[in-house]
Amino acid sequence: MSDSVRRFLLTGASGGIGSAVARELVRHGHAVVLSGRNERRLAALAADLLQRHPSADVGIAAGDLSGASGVAAVVAAAGQGGRALDGVVNCAGQSWFGHFEETPDSVLDTLWRTNVLAPMRLIQAALPLLRGRRGAMVVNVGSVFGSIGFPCFAAYSATKFALRGLTEALRRELADDGIAFVYVAPRYTRTALNEGAVEIMAAATGMNEDSPEQVARAIVAAIERGTRERVLGGPERFFVWLNKLLPRLVDKALGRQARQMRAYLNPSAVSLSIRTETSR
């Protein structure tokens, strides 16, 4: 394996963005260990990747990352047989669209465990394997909502703010360890994660959107270029900047949009449920 080719542990590999990232990594010659809870879907993805790229290095490390024991098992499987690991791509995530006041406690707990605690634990467990590896890297896939607190996505935004802060802090804390920390923030993406109420609301309010393949290309480009942080979409990058500089101006704009969004929160009109990348 050349210095430019890495072996990545990819979480959420059975999801829309995750499977697209797996395809893009393999297309660029990288080795990948597919991780997720649905082993059948992972096996199908691995078989498809190997059919398209017979010489590819593709493995599977199925497991539930919601607890410390599941994380340890996945990392152990990724390094089984003394295999080297050059990077981790934290792509697994869950979302919730709804009034914060009406968000069930179980949803708050699930969002925090999946979007924040799982990446934290996975990075902790993987650090011994990453240290000393040339070009070692951790990639955290967040959201534009991790830089702009978005109405009706308050709990989800909070977890993505935390993930962005974690990435920034570890980049500084481990600066002498030779491990790069990359944060990629997609905007609205057409995946199963956003089916139903979110999909209808996004179309009605004119949200800009990307396909999973577009997001995957941006993630792999950030990996290969060593980009520290990437926000997808020109207008979104501008609003992230504006939110830092003039937050009250963004308050007004998103306050107006929140009034539009509330029409799509009526459970009798649109079924609301927690969506997960890891189970699809």
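The values are calculated or read from the model by the stated rules, or taken from the named source; none is laboratory data. Given the structure is predicted, the values throughout are model-derived calculations rather than measurements. Note that we place each Cβ from the backbone using ideal geometry, even for glycine, and neighbour counts take in every protein chain shown.
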Checklist (1) modelled with pLDDT of 95 or more; (2) within 19 Å of TRP96 (Cβ to Cβ); (3) surrounded by fewer than 16 Cβ atoms within 10 Å (Cβ to Cβ); (4) not aliphatic (A, V, I, L, M) applied to GLU195, failing item
(1)
Within the bounds of region 27-49, is there any residue that is on the phi < 0 side of the Ramachandran plot, hydroxyl-bearing (Ser, Thr, Tyr) and buried (at least 16 other Cβ atoms within 10 Å of the Cβ)?
yes
Collect the residues in region 1-17 that are modelled with pLDDT of 95 or more and not in a loop (DSSP other than H, G, I, E, B), keeping them in residue-number order.
ARG7, PHE8, LEU9, LEU10
Residues of region 74-112 being more than 15 Å from the chain's Cα centre (by Cα), among the aromatic types (Phe, Trp, Tyr) and outside any helix (DSSP H, G or I), in sequence order, are PHE97
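In region 76-86, how many are on the phi > 0 side of the Ramachandran plot and surrounded by 21 or more Cβ atoms within 10 Å (Cβ to Cβ)? Please lay out each step first, then the result.
Start the filter on region 76-86 by keeping residues that are on the phi > 0 side of the Ramachandran plot, which leaves 81-82.
Those still in the list that are surrounded by 21 or more Cβ atoms within 10 Å (Cβ to Cβ) too: none.
Residues that pass the stated criteria total 0.
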Consider SER19 carefully, then state whether it is touching a helix residue (DSSP H, G or I) at 6+ places or on another chain (Cβ under 9 Å), surrounded by 20 or more Cβ atoms within 10 Å (Cβ to Cβ) and under 18 Å from GLU213 (Cβ atoms).
yes
Enumeration of residues in region 21-70 that are in a helix (DSSP H, G or I) and small (Gly, Ala, Ser)
ALA22, ALA43, ALA44, ALA46, ALA47, ALA68, SER69, GLY70
Name the single residue that is nearest to VAL182 (Cα to Cα) among those in region 231-245 being aliphatic (A, V, I, L, M) and either surrounded by 11 or more Cβ atoms within 10 Å (Cβ to Cβ) or touching a Ser or Thr at 6+ places or on another chain (Cβ under 7 Å) (or both).
VAL231
Any idea which of ALA73, ALA125 is under 23 Å from LEU42 (Cβ atoms), buried (at least 17 other Cβ atoms within 10 Å of the Cβ) and without any contact (Cβ under 8 Å) to a residue 40 or more places away in the chain?
ALA73
